[in-house]
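First comes the structure, then the notes that go with it.
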Number of protein chains: 2
Amino acid sequence: MGDFNESVILDAIRRHPAGLSRVELAKATGLSAQTVSNITRRLIDQGVARESGKQNTGSGKPRTLLEIVPTCRYAVGVHLDPAVITCVMVDLLGTVVGHRSRRTPSGGDTDGTVADMAASVHSLVAESGVDAERVLGLGIAAPGPIDASAGWVVDPPELPGWGRYPLRERLSEATGLPALLDKDVTASVVAERWAGAATESRNLLFFYLGTGSGMGLVVDDTVLRGVSGNAGEVGGLGAACSTRTLVDEAVALGVLGGEYTVLDPADAQRGLERLALLAAEGDAQADGIIERLAIRIGRGVCAAGTLLDVDTIVFGGPTWLVLAPRLLATIEPMVARSPFVRATHPTAVLSTTLGENVAAVGAASLVLDQALSAQPRSLLLG
Amino acid sequence: MGDFNESVILDAIRRHPAGLSRVELAKATGLSAQTVSNITRRLIDQGVARESGKQNTGSGKPRTLLEIVPTCRYAVGVHLDPAVITCVMVDLLGTVVGHRSRRTPSGGDTDGTVADMAASVHSLVAESGVDAERVLGLGIAAPGPIDASAGWVVDPPELPGWGRYPLRERLSEATGLPALLDKDVTASVVAERWAGAATESRNLLFFYLGTGSGMGLVVDDTVLRGVSGNAGEVGGLGAACSTRTLVDEAVALGVLGGEYTVLDPADAQRGLERLALLAAEGDAQADGIIERLAIRIGRGVCAAGTLLDVDTIVFGGPTWLVLAPRLLATIEPMVARSPFVRATHPTAVLSTTLGENVAAVGAASLVLDQALSAQPRSLLLG
């Protein structure tokens, strides 16, 4: 979809949902009025942008505003989580237009699971009524570690049987769509920038709390991936924050009965919900488990936020959705009191607005990001 | 110095000191043979690159190799450290051609110190015999926190009197050179990429151990700076690893006498050298202090290396230079045993090859990096 300057213009329009005039576009991008005029003409001709109204500037003639045509292109996202598989279809602004989810089959039948995913993708696209040509591609969010260049998942701890599995290639073959693979946490931070709580921030971290935990990182407007695509791993902190650890701790302390013992990742969510209910009803031991979790998370995000000098921290994932207000009550003041935050700049602490779909929306956003964002390397085809 | 494609070509030539043929350049950059040919002609005409010999390819005619002309441009770097001020002049490959250092005046006479720095810069340039037109500019490395956009140092803990001081502007005025300001740790990681131990790595962290400690970060070939230019702060770990903390601990344990009590940052280095000597002579308590430091550092770099998925960790700074072999003996196996490193890819653990000049060379490299590296934002002047 065009060259670097075009991507820069598209990015600017996309990030201003209220619309932007050509004069504002020139100012925001540093491009000349003539270049902006040529590119916006081309985008309108292609059906990617449209004129959306007039802006009264006080003096002079009113300026025409431009906006993205969200229905001109779509992307599909698949999130493979150890407990749930979620598929979404989103428009060019990352808005969900279709959604399916099902429990992840246990037993490690990889090819069978891929066939199921492909069937979900097919029906999502078919039910949307969208012309298949408008679907740019398929993004996949998977638990780490991954091998990003090969497109493999590499022995994710909670997905036995998925060792070094070529998920990107298999799902691309089964759906006929070009596919991208990234870690679930990285996809989630991309979702927050496209369609979530942090579309304005150029420096943010996303803390994903679920079956496993980890961070998605954006610094200086760049999504960090690292040597092997595994940036965002939090080592022992991830294990200490997993749903399984929480529920196991509650069972060990007698706060939850033995019937909540975690055998399968999907069990853990049931135990977690019970634990949250007990805490809300005033059970001090249950609340203590959650408070200790909050402190661990707070220390982790303060350290990472300081290391990376971010101004925004967003939380999400299945565990977060159950415990959000209780965790925020502890974490928000920890961040505000952090010496570095106090010395330099305030840091916003937010909950995802994308709910349980965040990683699947993120997977789809990977496709949008690649197709539409300003990618310097695309310049090299001289 | 030209456009994006030109920068990409320069980058590729610079990173292959043995020389690169036009065919190899086209392969390495993805640019067409015609584009490579046009750009290399221009670079040769400008005196920035030159033909350096022939490469025998076995079949066909030998290929002409290209290399940078290191003496075509220079940059100056100033490192303001609480103990020492170091000024260097480097050529286009980052090689030091002149060097001065002096003890940092205590008492917070900022304007007087800047006048001293400017005098050092003037004599360095004059003594080098280099035409002033060939000096691209001046880079400054300062302890954090900084305000990168304003060009200020902001109350660095060990530099009383330097609160919110417009160092970039003042030193630019005093020298007549365009100036850039960055944190010492960020400058150091830039030095390692230009002229140091890690010119090949696209994902590395530099751990600076000195009066203060912190990290310089490069992920996906991008130097991370964050919202305010303060990426790389390590919070409590930095304080726990400072020279002052080490010497204070040694005095408190009776390993060093009270005469080593740290009053001024320059004292700390003297105490540290004594501590290193005692440990080398077999003093178990002295060695214990250094071992505990190594473990703190090892944990910190394992966590950060895992979070950022780097393949290279470089150490430097005045404390490192005194203790390097002893610290490496503990840290290297910690990194190798780190679960994430074992699961994904090996990580090299290195000592800087730039010695005590690393941050000053880094400061100069900031100028080279801005003038010569592929900077996508430069494309926006359409």
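None of the figures in this text is laboratory data; all of them are computed from the coordinates on show. The structure displayed is predicted, hence computed values, not measured ones. Cβ atoms come from the backbone with ideal geometry, glycine included; neighbour counts cover every protein chain shown.
If you take the Cα centroid of the range A:145-203 and the Cα centroid of the range B:349-369, the two points sit 36 Å apart. Think of it as helices only: each DSSP H run of n ≥ 4 in chain B is worth -39500 (n - 2.57), and spread over all residues that comes to -14000 deg cm²/dmol at 222 nm.
Of the Cα atoms belonging to the range A:148-265, the radius of gyration and Dmax stand at 16.9, 51 Å.
Of the trypsin sites (Lys or Arg not before Pro) in the range A:124-197, the ones in a loop by DSSP (not H, G, I, E or B) with at most 14 other beta carbons within 10 Å are A:164.
The largest-to-smallest principal axis extents of the Cα set in the range A:176-245 are 34, 33, 24 Å.
Shortest first, residue A:101 label-point distances to identical copies amount to 5.8 nm, with the label point at 7 Å from Cα along Cα→Cβ. Going down the table (A:27/A:54; B:27/B:54; A:27/A:183; A:27/A:61), which pairs top 27 Å between alpha carbons? With Cα atoms farther than 27 Å apart: A:27/A:183. In sequence order, the range B:213-223 has phi-based couplings of 10, x, 10, x, 10, 10, 10, 6, 6, 10, 6 Hz under the Karplus curve 6.51 cos²θ - 1.76 cosθ + 1.60, θ = phi - 60°, and Gly or Pro positions carry x. With r as the distance between the Cβ atoms of residue B:18 and residue B:127 and R0 = 35 Å, compute the FRET efficiency 1/(1 + (r/R0)^6) and round to 0.05. The calculated FRET efficiency here is 0.65.
Given DSSP loops and a limit of at most 12 other Cβ atoms within 10 Å, what is the longest stretch of chain A that contains no such GluC sites (Glu not before Pro)?
Values: sites that count: A:200, A:281.
The reported range is A:1-199.
With one equal scatterer per alpha carbon and no solvent term, the Debye-computed log10 I(q)/I(0) for the protein assembly as shown at 0.05, 0.08, 0.09, 0.11 1/Å reads -0.28, -0.73, -0.93, -1.32.
Any idea how far the Cα center of the range B:29-98 sits from the one of the range B:254-300, in Å? Cα centres, the range B:29-98 to the range B:254-300: 42 Å. Every pair of different Cα atoms in chain B enters the Kirkwood calculation, which places the hydrodynamic radius at 21.9 Å.
Taking the range B:4-68 on its own, what percent of its Cα-Cα pair distances exceed 13 Å?
Values: 1205 of 2080 pairs.
Tail of P(r) above 13 Å: 58 percent of Cα pairs.
Equivalent-ellipsoid semi-axes for the range A:248-360 (Cα gyration tensor, √(5λ), whole Å, largest first): 29, 16, 11.
Rounded to the nearest 10 degrees, what's the angle between the helix B:33-45 long axis and the longest principal axis of chain B, both from Cα atoms, 0 to 90? The two axes meet at around 70 degrees. For residue A:291, inter-copy separations between label points set 7 Å beyond Cα along the Cβ vector come to 3.8 nm, shortest first.
In this structure the amide hydrogen of residue A:54, modeled in the peptide plane, comes within under 5 Å of the amide hydrogens of A:65, none closer than 5 places in sequence on its chain.
Run the label-point distances for residue B:336 please: 7 Å along Cα to Cβ, every other copy, nanometres, shortest first. Shortest to longest, the spacings are 4.8 nm.
Which FRET efficiency value, to the nearest 0.05, is calculated for residue A:263 and residue A:150 with the Förster distance at 22 angstrom and r the Cβ-Cβ distance?
0.10
Counting Lys and Arg as +1 and Asp and Glu as -1 over every other residue whose Cβ lies under 9 Å from the Cβ of residue A:82, the net charge comes to -3. Relative to the longest principal axis of the Cα atoms of chain A, the long axis of helix A:358-372 makes an angle of roughly 30 degrees.
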